[in-house]
Amino acid sequence: MFETDSKTAEVFTPQEASRLAVLYEADILDTPPEPAYDAITQLAAEHFHVDSAVVAFADETRVWIKSSWGDSMRELPRSDSLFDLVLATSGPVTIPNLTQDPRFRGRRLCFRRDPMVFAVAVPIRSTDCHIVGILSLFSKTSRDPLSPEELQSLERFATMVTSQLELRTLRRDRERHTRRPSPRTANRRAWPQSSDLRKALESGEFVMHYQPEVDLSTRRIVALEALIRWNHPQRGLIPPSEFIPFAEECGMILPIGDWGLAEACRQIQSWTQENPRYGSPRVCVNLSARQFLREGLADHVESLLEQSGTNSRLLGLEMTESSLIPNRTVAMEVMESLRSLGISLSMDDFGTGYSSLSYLHSFPFNVLKIDRSFVGRITEGAQPLQIVKTIIELARVFDLDVVAEGIETQDQHNLLRQMGCRFGQGFLFARPMAAEDISALLRLPGQVLLNPELAVA
Ligand code: C2E
Ligand code: MG
Ligand code: MG
């Protein structure tokens, strides 16, 4: 690994070595440009009305360009680059006229064929504050330097890049972790078999539990997430992590998923009848990639709604980014059809998938659910907090509701509220519970308040 390489340790200052270690950890240097950085630079260019915006990271000799629109260039020599200027000043750099600045005469700095006149660049910092790259804006015509407020806002765009880098590192760690099957998992391979899953489905051993999603300022239930469990006669209640991945692998996820959707619709009807005054909250069902890309999903859901007489506004579907990746065109069509039925669509586990920003940008989601691995770290320091803050701001830009997953402590609840996150879900409010327990909650007089003893901050 980089840090333990004695040759590199001799060559670089500790500062440089830490900076490079961050980039190597994220595996970002010699890789193709990425849609996530395209989305950030496009947003920034639109926001500041400039001709081009670029995200770049640097190793010891090269500057690597990670956004692709506007130019096909991938890398430039680092000497006398904008990156080196930003590193030297440790802050923003504005060049009012690139063509007249002797430092840049004859250099290809702007990454574009047509000559650029105006440039401004701000540092992209790692979560431990090393300058690892730059976010720069270019304009073909001269313009006034950015005001202090505009510079701050450009720095916020640079923070979005930092969060992407952090998400990438987390994802890599997770992939490494999942690629190495533990002896426990290897031993369990023998069970379940697909015949066990089929038998369980036929004997009615699957059950849905429901976890409330609440309005963080009132603690009122705004929706319920349907979470499947296997009520095994000998092994007891089995969590989805122990059979859903295998069901996806062997194809049993299709009939199990159909059962889950039908069960959720049936339950919505039952709560609607039980509570003539408030009706049923919206129930959100998780879809796996295989279900999602199956032919005729939208028609299937529509007929389920019709058969059960369920109002489509009471059904939500949750999917992760990875289920959209195999076929973006089909995924987009399916989502458009589901949206036109009136069903709400949530991007689940935001931050754990591949190129988060670009997916948010182009797919018709209503809700973004921040993965609990981020929520769990917000009280650990300024940087994790900043990442969640950026995700919340991002959701605002894309006009999405935000649900923070996995809220376990009052401190997390308070911080999320301060950051403007409206909705949340987690053990602090309620664990997933059986339908009868939810019925009891829904019967409480007035509107439902979960854990009313908790002081609202
Ligand atoms: P998910 O959709 O992200 O669901 C949230 C998971 O976080 C649930 O785990 C829930 O119990 C857990 N959780 C909620 N609040 C907290 C908290 O405060 N702390 C902690 N530590 N955990 C919390 P669960 O029920 O084990 O489900 C795991 C995953 O299994 C789900 O993640 C979802 O991806 C999948 N899944 C569940 N039901 C279904 C289903 O019907 N169909 C499909 N395809 N997948 C399902
Ligand atoms: Mg979910
Ligand atoms: Mg989730």
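One table, with the values for the structure above:
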| quantity | calculated |
| --- | --- |
| Residue check, I256 within 10 Å of ligand 1 (Cβ to nearest atom), open to solvent by less than 40 Å² (accessible area, probe 1.4 Å) and assigned to a helix (DSSP H, G or I) | yes |
| Selected residue (only one of A264, A289 is buried (at least 17 other Cβ atoms within 10 Å of the Cβ), of a type outside the set (V, I, T) and in contact with a strand residue (DSSP E or B) (Cβ under 6 Å, 6 or more places away or on another chain)) | A264 |
| Verdict on G309 being farther than 22 Å from L201 by Cβ and open to solvent by 40 Å² or more (accessible area, probe 1.4 Å) | yes |
| Residue in region 202-220 that is most open to solvent (accessible area, probe 1.4 Å), counting only those that are more than 16 Å from ligand 2 (Cβ to nearest atom) and part of a strand (DSSP E or B) | R220 |
| Positions within region 340-358 being in contact (Cβ under 8 Å) with a residue 12 or more places away in the chain, open to solvent by 10 Å² or more (accessible area, probe 1.4 Å) and part of a helix (DSSP H, G or I), in sequence order | S358 |
| Set S340, S346, S358, S362: member being touching a Cys at 6+ places or on another chain (Cβ under 7 Å), hydroxyl-bearing (S, T, Y) and outside the structural domain of S126 (by TED's automatic domain parsing) | S346 |
| Residue among F398, F429 that alone is of a type outside the set (S, T, Y), in contact (Cβ under 8 Å) with a residue 12 or more places away in the chain and under 21 Å from H47 (Cα atoms) | F398 |
| Close pairs from region 209-230: first in the same structural domain as V402 (by TED's automatic domain parsing) and acidic (D, E), partner in a loop (DSSP other than H, G, I, E, B) and away from ligand 3 (no atom under 14 Å from the Cβ), Cβ under 7 Å, at least 6 apart | D215/R422 |
| Residue match in region 371-390 (condition: open to solvent by less than 40 Å² (accessible area, probe 1.4 Å), more than 18 Å from the chain's Cα centre (by Cα) and more than 16 Å from ligand 3 (Cβ to nearest atom)) | yes |
| Count of region 432-446 residues which are surrounded by fewer than 13 Cβ atoms within 10 Å (Cβ to Cβ) and modelled with pLDDT under 95 | 5 |
| Lone unmet requirement of (1) without any contact (Cβ under 8 Å) to a residue 40 or more places away in the chain; (2) out of contact with any helix residue (DSSP H, G or I) (no Cβ under 6 Å at 6 or more places or on another chain); (3) within 15 Å of ligand 1 (Cβ to nearest atom) for S323 | (2) |
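The values are calculated or read from the model by the stated rules, or taken from the named source; none is laboratory data. Predicted, not measured: the structure shown is a model, and the values here were computed from it. A quick note on method: Cβ atoms are made from the backbone with ideal geometry, for glycine too, and the neighbour counts reach across all protein chains shown. Heads up: the accessible areas ignore ligands, DNA and RNA and are worked out on the full protein's heavy atoms, side chains in. Shrake-Rupley method; radii C 1.70, N 1.55, O 1.52, S 1.80 Å.
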